[in-house]
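Before any comments, here is the structure.
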Amino acid sequence: MKRYSFLELAKNAFSAHHNWGRQWRAPEPKAEYDVIIVGAGGHGLGTAYYLAKEHGIRNIAVIEKGWLGGGNTGRNTTIIRSNYLWEESAALYNHAVKLWDGLSQDLNYNVMYSARGVMMLAHTVHDIQVFKRHVHANRLAGVQNEWLTPEEAKEYCPPLNISKNIRYPVVGAALQRVGGTARHDAVAWGYARAADELGVDIIQNCAVTGIRRAADGSVEGVDTAKGFIKAKKVGVVAAGHTSVLMDMAGIRVPLESNPLQALVSEPVKPAFPCVVMSNTIHAYISQSDKGELVIGAGTDQFVSYSQTGGIQIPIHTIDAICELFPMFRRMRMLRNWGGTVDVTPDRSPIIAKTPVPGLFVNCGWGTGGFKATPGSANVFAHTIAKDEPHPIAAPFSLERFRTGRLIDEAAAAAVAH
């Protein structure tokens, strides 16, 4: 496979984005498709791309009620990591990290993946025990992770305050050097362009209003704002609204939807070298390629489909960031927002066939959706194409909620548990 320089990728991405954006026109839906994907975010577009590229299925439609990448793909803090405790989850996210590493070359579109490292701070004895357990479990599973002293943490991230006089002193940190960030809208556009070139129809502003079932109970197609579209298989990948869509097919899924808070600062010159997360203080921060400080908070503790959220959580998060990184105290915040996330009882995703033949679902990622994007899309495409779960996706079936075989991730959202 040809390796492109960063400059070549940047030129290709700029040219391809603007030329494709001018020339591409949303197609009118056909009467019938082999596969319909509901949701044109990173997971949905990626699923269509891998179905076409790896499984030879080209008669595909991706249906989106708004615009592509306008949901949670465009409302996240872009962190990528795989330092999860249990082997099932570590395998899934590590699969994603490996795909992230070559994604720009694969799509010939610069997704701005930057393996700058993700550092998770410890503030208590309990934090030390938990993170060292993660480090040891990760190493046994072949996932990169290491333990740092406070001094080593500051050496890796000079703006970090390791004074013993702050409210939550830093007593150590776990560092995954292969973790990092990517540009969220570039991921959506990269997958969209690549899928479009392989013959996939991307139909925007086309809300799904129903999922039809045939006389034998199997999926027959979807009712949309543009009429009924027949399909042999339907995959639902619509973060925040999965339970509503699945209810259309008569299926209840164990999900709750909560607003997840985040904010960004005004742009400044490069000042922050990595991603830093703090579970105890409930905050995480990185700097985007545009220069903004990207700050993530937590989920509001109420069920809602809102894309906004309350103000208390961001205020608490800003207080914590200012204590850990005093140099940012005079920064101005540009905007804050919320994205609706689906959350399962065990805080792990569902990537599975449903009881309805031909209907598949990918949901429940909570705060872990963006980092899993290529891995999730890849294994979901396999599940749809083969009508059986990919080995990496097999533990994340709906069946686990019937049997009690829950994968209690214990760190699925990092800042939330």
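Each residue of the stretch 253-261 was assigned a 3J(HN,Hα) from its phi angle through the Karplus expression (A = 6.51, B = -1.76, C = 1.60, θ = phi - 60°), giving 10, x, 10, 10, 10, 10, x, 10, 8 Hz with x at Gly and Pro. Think of the chain as a dipole: +1 on every Lys or Arg Cβ, -1 on every Asp or Glu Cβ, centred on the Cα centre; then among T78, G235, I313, T78 lies furthest on the positive end.
Near R212, the amide H atoms lying under 5 Å from its own belong to E220, G221, V222, D223; only residues 5 or more places off or on other chains count, and H is placed 1.01 Å from N. Computed about its Cα centre, the charge dipole of the chain is approximately 560 debye, with only Lys, Arg, Asp and Glu carrying charge at their Cβ. Helix 6-23 and the longest principal axis of the Cα set of the chain meet at an angle near 40°. Highest-first packing order for the peptide set 371-381, 242-252 is 371-381, 242-252, based on the mean count of other beta carbon atoms within 10 Å.
For the stretch 61-67, backbone phi angles converted through the Karplus equation (6.51, -1.76, 1.60; θ = phi - 60°) give residue-by-residue couplings of 10, 9, 10, 9, 6, x, 10 Hz, Gly and Pro being listed as x.
Across the stretch 68-125, Cα-Cα pairs more than 12 Å apart make up 75 percent of the total. Average accessible surface for the chain: 42 Å² per residue, computed with a 1.4 Å probe over protein heavy atoms with every protein chain in place. Dividing the summed helix terms, -39500 (n - 2.57) for each DSSP H run of n ≥ 4, by the number of residues in the chain produces a 222 nm estimate of -9500 deg cm²/dmol to the nearest 500. The convex hull drawn around the Cα atoms of the stretch 187-321, when projected onto a plane and averaged over every direction, covers 11.7 nm².
The amide H of G172, built 1.01 Å from its N in the peptide plane, has A122 as neighbours under 5 Å, considering only residues 5 or more places off or on other chains. Here the average projected area of the convex hull drawn through the C-alpha atoms of the stretch 166-258 stands at 11.1 nm². For the chain, the longest principal axis of the C-alpha atoms and the axis of helix 87-107 are separated by about 80°.
By the rule of a C-alpha distance below 23 Å, with chain neighbours fewer than 8 residues away ignored, the lysines paired with K290 are K11, K269, K371. Ranked by the mean number of other Cβ atoms within 10 Å per residue, highest first, peptides 97-104, 352-359 order as 97-104, 352-359.
Look at the dipole of the chain built from charges on Cβ: of A225, G375, V294, the Cα furthest out on the positive end belongs to V294.
If you take all other residues with their beta carbon under 13 Å from the beta carbon of G56, and give Lys and Arg +1 and Asp and Glu -1, the sum is +1. Each peptide among 229-239, 134-144 gets the average number of other Cβ atoms lying within 10 Å of its residues, and from highest to lowest they stand as 229-239, 134-144.
Along the stretch 269-282 the Karplus relation, 6.51 cos²θ - 1.76 cosθ + 1.60 evaluated at θ = phi - 60°, assigns HN-Hα couplings of 5, x, 9, 10, x, 8, 10, 10, 10, 9, 5, 4, 8, 6 Hz to successive residues, with x for each Gly and Pro.
Using equal-weight Cα scatterers in the Debye expression, the normalised intensity of the stretch 102-237 in log10 at q = 0.12, 0.15 Å⁻¹ is -0.75, -0.85.
Considering Cα pairs under 8 angstrom that are at least six residues apart, work out the relative contact order of the chain and quote it in whole percent.
21
The H on the amide N of I80, modeled in the peptide plane, is under 5 Å from the matching H of G180, T181, each at least 5 residues off or on a different chain. Over all orientations, the chain has a Cα convex hull whose mean projected area works out to 19.7 square nanometres.
With contacts taken as Cα pairs under 8 Å at a separation of at least 6 residues, the stretch 111-221 carries a relative contact order of 35 percent.
Atom-type composition of the exposed protein surface of the chain places 53 percent of the accessible area on carbon and sulfur (1.4 angstrom probe).
When only Cα pairs below 8 angstrom with a gap of at least 6 residues are kept, the stretch 84-163 shows a relative contact order of 32 percent. For the chain, the longest principal axis of the alpha carbon atoms and the long axis of helix 42-55 meet at an angle near 60°. When the Cα positions of P150, A352, G366 are compared along the charge dipole of the chain, P150 comes out farthest toward the positive end, with charges on each C-beta of Lys, Arg, Asp and Glu.
The values are calculated or read from the model by the stated rules, or taken from the named source; none is laboratory data. Just so it is clear, the structure is predicted and the values come from calculations on it, not from any experiment. Glycine gets a Cβ as well: all are built from the backbone with ideal geometry, and neighbour counts include every protein chain shown. SASA here: full protein model, heavy atoms, side chains in, ligands and nucleic acids out. Shrake-Rupley method; radii C 1.70, N 1.55, O 1.52, S 1.80 Å.
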